Amino acid sequence: MLEFEVGDKVIYPNHGVGTVTRIETKTILGTTCGFYSLRMTASDTTVLVPIDNVEGVGLRGAIASSEVKKLFILLGNGEIENHQNWKGRFKDNSDKMRTGSIYDVIDVLKNLNFLSQTKNLSFREKRMLDRARFLVVSEVSEVTSEASDTVEEKVNKALERCLANHARQIAKARTAKAEVSKSEVPQQEAHVS
């Protein structure tokens, strides 16, 4: 089981960065259990998370600063899932947002950013895109102690690289497919004669 101490920076899925301000015991409806009291950075609100349900809600420690470079590489790598079905895409993205994993949030950010370049997103997907961007920017900003504007600019540049890399991957795949098609034609003609 994950354990946190007062002062630890934590990530609460879909809410972002928070700080453990207290560890307390409360009795609710006759049941006594421990809670982490979190001060959420973005909204300046307090959230109580039952200690026994930390993994169930996806609460985790913030990434190490050594992981930031890896995040930007993943963000710009051009690997994008392209679901044709709106319902399936929305469900997959919603499930990823709930895991609390920064890597899942990055997938959602890349996929919805790519989609937004070719069509208007639904209101719910637009909100999810904005939320994914916020979660990535706020965590990286917290870990690196860089201003949110600076981190957002880096995220935007990485997303531009992602789109360019994705376009290159598609072009390369089309070229390879065309080469295969060309090489199959003479072989088929040879079998006919």
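Computed from the coordinates by the stated procedures, all read-outs in this text should not be read as laboratory data. Since the structure is predicted, the reported quantities are computational estimates derived from the model, not experimental observations. Neighbour counts are summed over all protein chains in view; Cβ atoms, including those assigned to glycine, are modelled from backbone coordinates with ideal geometry.
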Most mobile of 100, 58, 18 per a Gaussian network model of the chain (Cα springs, under 10 Å)? 58
Between the alpha carbon centres of the range 107-126 and the range 19-57 the gap in Å comes to 33 Å
Going through the cross-link list 70/157; 69/154; 119/154; 119/172, which pairs have a Cα-Cα distance over 18 Å in this structure? 119/154; 119/172
By counting other Cβ atoms within 10 Å of each Cβ, how are 92, 107, 8, 52 ranked from fewest to most? 52, 8, 92, 107
In this structure, the FRET efficiency calculated for residue 31 and residue 6 from their beta-carbon separation, with R0 = 25 Å, to the nearest 0.05, is 0.60
Using a 10 angstrom cutoff on alpha carbons, build the Gaussian network for the chain and name the most mobile of 17, 68, 155. 68
Compute for the chain: radius of gyration divided by Kirkwood radius, i.e. Rg/Rh, restricted to C-alpha atoms, rounded to two decimals. 1.16
Which ordering of 74, 159, 112 is given by a fewest-first count of other beta-carbon atoms within 10 Å? 74, 159, 112
I need the trypsin sites (Lys or Arg not before Pro) found in the range 43-148, filtered to DSSP loop residues with at most 16 other beta carbons within 10 Å of theirs. 119
Would you work out the charge dipole size for the chain about its Cα centre, treating the Cβ of every Lys and Arg as +1 and the Cβ of every Asp and Glu as -1, and quote it to the nearest 20 debye? 680 debye
What's the exposure ranking of 128, 40, going from fewest to most Cβ atoms within 10 Å? 40, 128
Only Lys, Arg (+1) and Asp, Glu (-1) charged, at Cβ; the range 9-61 dipole about Cα centre in debye: 120 debye
Using the Cα centre as the reference, give the magnitude of the dipole from point charges on the C-beta atoms of the range 65-173 (Lys, Arg: +1; Asp, Glu: -1; all else neutral), rounded to the nearest 20 debye. 500 debye
Principal axis dimensions, largest first and in whole angstrom, of the range 9-61 by Cα: 33, 21, 15
Residue by residue through the range 87-103, what is 3J(HN,Hα) from phi via Karplus (6.51 cos²θ - 1.76 cosθ + 1.60, θ = phi - 60°)? Round to whole Hz and write x for glycine and proline. 4, x, 4, 5, 5, 4, 5, 4, 4, 5, 5, 6, 5, x, 6, 4, 5
What is the distance, in nm, between label points placed 7 Å from the Cα along the Cα-to-Cβ direction at residue 84 and at residue 169? 1.9 nm
Of 93, 111, 53, the most mobile residue in a GNM of the chain (C-alpha springs, cutoff 10 Å) is 53
Let me know the shape class of the range 65-173, please: from the alpha-carbon gyration tensor, a ≥ b ≥ c as square roots of the eigenvalues, rounded when a/c is under 1.5, otherwise prolate if a/b is greater than b/c, or oblate. oblate
